[in-house]
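*Asks:* Dropping the structure in here first, questions after.
Quick note: the coordinates plus some simple rules give every number you see, no bench work behind them. What you see is a predicted model, and the numbers here were worked out from it, not measured in a lab. Counting neighbours? That spans all protein chains shown, and the Cβs are built from the backbone with ideal geometry, glycine included.
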Amino acid sequence: MPVRSISRTSPGRAVFRGSFLASKGAAILSLGIFLAVTSGPAAVWAQPAAPAETHQHAAPAAATAPTPAAAPATTAPSAAVPAEPVPSVPAPESVADARLPHDLSPWGMFMAADLVVKAVMLGLAFASVLTWSVWFAKSLELLFARRAVSRTLKALRGAVTLSDAAAEMPKANSPATATVRAALAEWHASAGLPVDGIKERVAVALSRIEAKAGRRMTAGTGVLATIGATAPFVGLFGTVWGIMNAFIGISKAQTTNLAVVAPGIAEALLATAIGLVAAIPAVVIYNVFARAIAAYKANLADTSAEVMRHLSRDLDRAAAEVETPRLRAAE
């Protein structure tokens, strides 16, 4: 009975159930395919780091694993052939140090200087020696001349007549004593002539003696003025030339290391220092001599004034001695 009932009712229902189950299975299958397609790339994209990480961890293990075949190959040549020494390349600092002169004293810098800088230094050294030579010679000359003027003035101021002053004067030949001798010589040569003419001629002679003494005393001081005015510029020329050579050395060495530039700059500054050493004493000595010579000329002018005073008095006295007998005779 159940079989019959199934057989009676199964044709329509079986078809319906079969079609329903088939459509349901097709839907489940398509859903599974869709999920597999959509979820597959995401899984693949999300898992690429895992194999790389395992590869990174595995690589050191593989690298650290010893290879028995490679070990003899690397050790055998090192034991058989000795290693060649690698030549050491000197550092730029050591090359620069090798170029530096070992003696940085003034004499060492002078010997290492350029030819032009050496010529400048020698010229300035000669100027300095000339300055001190003029100072020594002119100091002695001024000392003796001022002593002679002082003694002549003392004799003139203490004497009564010009003849007495001439007898008390020093025997040395000096412009001060020459004024007294010139006045006496002109007086004796103009005996019997008018008094005014004698005084004028003596004044002219004394003025020429003063001028000659002044020119003689100022001789050599012009050299001091020249050295004091030009020595700094000559030293500056040597400095400029030395610094120019230093920059040329920089361009050739292709380095801005101060150790390469320092010797040339030091040589250049040495030229400036020598120029100042020659110029500063020359200026100071020239000013000292200018004041001393002016004082000497003033003392010599005082001597001439004393000579003219004595001469005028002696001439008036002589004229009075001549007139007195005449007046007595007239009476």
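*Asks:* With θ set to phi - 60° and the Karplus curve 6.51 cos²θ - 1.76 cosθ + 1.60, what are the ³J(HN,Hα) couplings of segment 120-133 in order, to the nearest whole Hz, using x for Gly and Pro?
*Replies:* With coefficients 6.51, -1.76 and 1.60, one gets 5, 5, 5, x, 5, 5, 5, 5, 5, 4, 5, 4, 6, 5 Hz.
*Asks:* I would also like to ask the following. May I ask you to order 206-216, 173-183 by the average number of other C-beta atoms within 10 Å around their residues, highest value first?
*Replies:* Packing order, densest peptide first, comes out as 173-183, 206-216.
*Asks:* Add +1 for every Lys or Arg and -1 for every Asp or Glu among the other residues with Cβ under 14 Å from the Cβ of residue 222, and state the total.
*Replies:* +3
*Asks:* Reported to two decimal places, what Rg/Rh ratio describes segment 157-197 when computed on Cα atoms with Rh from the Kirkwood expression?
*Replies:* Dividing the radius of gyration by the Kirkwood radius yields 1.01.
*Asks:* Additional query: As I understand it, the dipole of segment 136-232 uses +1 on the Cβ of Lys and Arg and -1 on the Cβ of Asp and Glu, about the Cα centre. Which of 191, 204, 169 lies farthest toward its positive end?
*Replies:* Highest projection toward the positive end goes to 169.
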